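Okay, so here's the structure we're looking at.
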Amino acid sequence: MLQAITKERSESSAILFEIEKAFGGHAPNVFQAYAAHPALLTANWQKFKAVMLQGKLRRKVKEAIASVISYDNQCNYCIAAHSAALRSLKMSEPEIAALFENILPDDFTGKEAALIKFARKANRNWHGINGADHKELVDLGVEEAEMLEAMGTMELFIAFNRFADVMDVEIDF
């Protein structure tokens, strides 16, 4: 068994190295926890890159979505991780605390604020999403690709929240 684990970890090394580069020399524990299953590590890293590092929405908007989703799902690991990311994007501790209370800093546009609130509602009460919610976004000029990015961010972090909690991933931020 030890040999199999060593082989799997070796297969994960290149991906973990890429993750370390993307995170400034640190591979977050949530990704390291997948190292024993290289295919899952690769799949989750690819999805993370597609959702968080590409697209039309600013990284700060995506981190805000990840933060409120993690807060609502009570995932301490992800709250710590995304609060650290928001701090690196020049958001203050009081602004982060206000974000959790649905009060967004002024540097978010009306469209961005609506997307954050929409993603949060979709996480908390997806059965309550209706045509009026979609119309509000469309009326603000939200493009379908932007809505999909917001939903993709929500979806990604619902999964990471569950994984980090169930696997008891140690906070490293």
What number of residues in segment 27-62 are within 26 Å of residue 146 (Cβ to Cβ) and in a helix (DSSP H, G or I)? 15
Please go through segment 135-151 and pick out each residue that is over 10 Å from residue 57 (Cβ atoms) and either in the same structural domain as residue 48 (by TED's automatic domain parsing) or of a type in the set (Gly, Ala, Ser) (or both). 141
Within segment 112-134, restricting attention to residues that are assigned to a helix (DSSP H, G or I) and more than 19 Å from the chain's Cα centre (by Cα), which residue is nearest to residue 158 (Cα to Cα)? 127
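Quick one: which residue in 171, 103 is over 25 Å from residue 55 (Cα atoms), among the aliphatic types (A, V, I, L, M) and not in a helix (DSSP H, G or I)?
171
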Which of the residues that make up segment 9-25 are farther than 9 Å from residue 41 by Cβ and either of a type in the set (Asp, Glu) or at pLDDT below 90 (or both)? 9, 10, 18, 20
Considering only residues that are surrounded by fewer than 18 Cβ atoms within 10 Å (Cβ to Cβ) and not acidic (Asp, Glu), which ones fall in segment 81-103? 84, 87, 88, 89, 90, 92, 94, 97, 98, 100, 102, 103
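The values are calculated or read from the model by the stated rules, or taken from the named source; none is laboratory data. Predicted model, so just to flag it, every value in this text is computed and none were measured. Note that we place each Cβ from the backbone using ideal geometry, even for glycine, and neighbour counts take in every protein chain shown.
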